[in-house]
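Shown next, in structure tokens, is the structure this report addresses.
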Amino acid sequence: MAASIIVTGGRPLSGEVRVGGAKNSALKLMAAALLAPGVSVVNNVPAITDVATMADVLRGLGVGVERDDHTLRIDATQITSHEAPYELVARMRASIIVLGPLVARLGRARVAMPGGCNIGSRKIDMHIRGLQDLGVAIDLGHGYIEATAPEGLHGAHVILDFPSVGATENLLMAAVLAEGTTTIENAAREPEIGDLVDMLVSMGARIEGRGSATLVVTGVHELAPVRHRTVGDRIEAGTYLVAGALTGGPVTVRGVTPGHLEMVLTKLEQAGCDVGGLADGVTIRRDRAIRPVDVATLPYPGFPTDMQAQFMALMSLADGSSVITENVFENRFMFADEIRRMGADITIEGHRALVRGTDRLSGAPVICPDLRGGAALVLAGLVAEGETVVTEVEHILRGYESFTEKLRSLGADVRLAD
């Protein structure tokens with residue numbers, strides 16, 4: 001695996017790039033395939049390490065997984081194990097998402113406590129309490145979650161403390177096979193949730209309230225395998241749009257629904273960019289100074305926490321000061337320590353960052369702190385003077401397919417190094 005990404009700044013970017021299927025959706029669609037005996041096919045799946053890890057998790061359960069380009073064929077005819085072991089779950093936190101479908105299909109599950117990016121505690125309390133409401137007995141010990149439902153699952157009224165994406169998904173996939181009706185209030189509303197709902201409904205699930213904060217699930221006795229296409233990756237798209245904003249563009253990003261990026265596009269326009277929506281994408285250009293814009297991350301439809309680091313990179317070159325408030329994850333300002341090495345003027349006060357725009361950034365050796373922060377450091381390197389070397393880029397490869405190749409197709413001087 002490549003150890004670093006080397007960027008030489010100062011090259012203009014322009015052209016068109018296509019994003020793949022959403023990482024944050026594809027992983028959950030793979031888990032949803034566990035609910036139906038038979039072969040489900042998921043199209044538009046990105047070729048990234050997180051998907052490979054989830055495939056290994058499913059194979060460990062006895063499920064067949066075959067890849068053909070960007071299509072996965074998942075054979076869940078038989079599930080021979082109910083355990084997702086630590087060595088796999090530790091590599092990717094999203095593996096926890098098999099908990100709901102396993103206990104729904106088999107009546108039991110044993111899943112290691114999750115790992116993943118170091119961006120905050122991201123407690124799984126809401127997953128556990130919600131499953132308990134559905135009749136699941138939970139035993140926590142020795143680093144594992146033991147879930148059993150010997151008498152089956154039953155409908156319940158579940159109110160989430162916070163619109164957690166993972167908890168909403170786990171509870172949805174458990175509730176679709178529960179007896180009776182389940183209402184999930186304060187549910188997450190992200191487009192990836194809508195994508196999962198679409199697949200579950202195609203499988204025969206009965207779900208009302210798609211796109212709203214209240215989901216009503218009427219349980220069914222069985223589901224059928226389906227073919228489903230993953231929604232486009234709005235965070236990957238947003239990353240390339242910020243690259244266009246930093247360098248001036250024009251850059252066109254295709255393969256995404258513009259409406260899924262509404263808040264990001266609004267903030268980019270406020271920052272002085274010209275943004276044009278297309279049927280399947282967005283074009284961005286900038287021919288004026290970057291304006292300072294305040295941003296506060298919030299659950300969808302608010303500004304996504306997964307775009308916070310990229311936007312901080314943009315604001316580091318703004319003509320003035322801006323405040324970025326992180327309301328979702330408590331440790332997500334680690335990126336600021338690294339971009340400061342490149343000359344950014346950023347002061348952290350609790351969950352707020354004061355970003356004072358500077359005239360220029362300088363290339364420097366930096367360490368990739370997490371998936372989105374690492375991508376943002378590469379973006380900063382695109383406009384920095386000299387060479388930027390980003391190490392520990394395994395985080396980036398977890399979530400971006402052909403990241404350096406796509407940037408090079410726009411004109412960037414960027415490469416992977418061993």
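Per-structure values
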item: Residue list for the stretch 136-153, filter: hydroxyl-bearing (S, T, Y) and more than 27 Å from the chain's Cα centre (by Cα); result: T148
item: Any pair with Cβ under 8 angstrom, 6 or more apart, that starts in the stretch 363-392 at a residue that is more than 23 Å from D233 (Cβ to Cβ) and ends at one that is of a type in the set (D, E, K, R) and crowded, with 21+ Cβ neighbours inside 10 Å; result: V366/E338; I367/E338
item: Given (1) among the hydrophobic types (A, V, I, L, M, F, W, C); (2) surrounded by fewer than 17 Cβ atoms within 10 Å (Cβ to Cβ); (3) in contact with a His (Cβ under 8 Å, 6 or more places away or on another chain), index of the condition L371 fails; result: (2)
item: Any hit, the stretch 266-277, residues being of a type outside the set (S, T, N, Q), at pLDDT below 95 and under 23 Å from the mean Cα position of the chain (by Cα); result: yes
item: Residues located in the stretch 37-78, provided they are of a type in the set (S, T, N, Q) and surrounded by fewer than 17 Cβ atoms within 10 Å (Cβ to Cβ); result: N43, T71, T77, Q78
item: Qualifying residue in the stretch 345-357 (condition: farther than 26 Å from V390 by Cβ and out of contact with any Ser or Thr (no Cβ under 7 Å at 6 or more places or on another chain)); result: yes
item: Candidates G130, G166, G155 - the one that is farther than 25 Å from L371 by Cβ and surrounded by 20 or more Cβ atoms within 10 Å (Cβ to Cβ); result: G130
item: Flag if A90 is surrounded by fewer than 24 Cβ atoms within 10 Å (Cβ to Cβ) and closer than 22 Å to M199 by Cα; result: no
item: Some residue of the stretch 342-351 being polar (S, T, N, Q) and in a loop (DSSP other than H, G, I, E, B); result: no
item: Qualifying residue in the stretch 323-338 (condition: surrounded by 19 or more Cβ atoms within 10 Å (Cβ to Cβ), under 15 Å from K267 (Cα atoms) and either aromatic (F, W, Y) or in contact with a helix residue (DSSP H, G or I) (Cβ under 8 Å, 6 or more places away or on another chain) (or both)); result: yes
item: Selected residue [under 30 Å from G399 (Cβ atoms), surrounded by fewer than 16 Cβ atoms within 10 Å (Cβ to Cβ) and either modelled with pLDDT of 95 or more or not hydroxyl-bearing (S, T, Y) (or both)] from L140, L106; result: L140
item: Residue within the stretch 74-85 that is part of a helix (DSSP H, G or I) and either at pLDDT 95 or above or more than 21 Å from A237 (Cα to Cα) (or both) present; result: no
item: Qualifying strands (runs of 3 or more DSSP E) (wholly inside the stretch 214-293; at least 1 residues being crowded, with 18+ Cβ neighbours inside 10 Å, touching a Gly at 6+ places or on another chain (Cβ under 9 Å) and free of Cβ contacts under 8 Å to residues at least 60 places away in the same chain); result: 214-218, 281-285
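The values are calculated or read from the model by the stated rules, or taken from the named source; none is laboratory data. Here the structure is a predicted model, which is why all the values come from computation and not from measurement. Glycine gets a Cβ as well: all are built from the backbone with ideal geometry, and neighbour counts include every protein chain shown.
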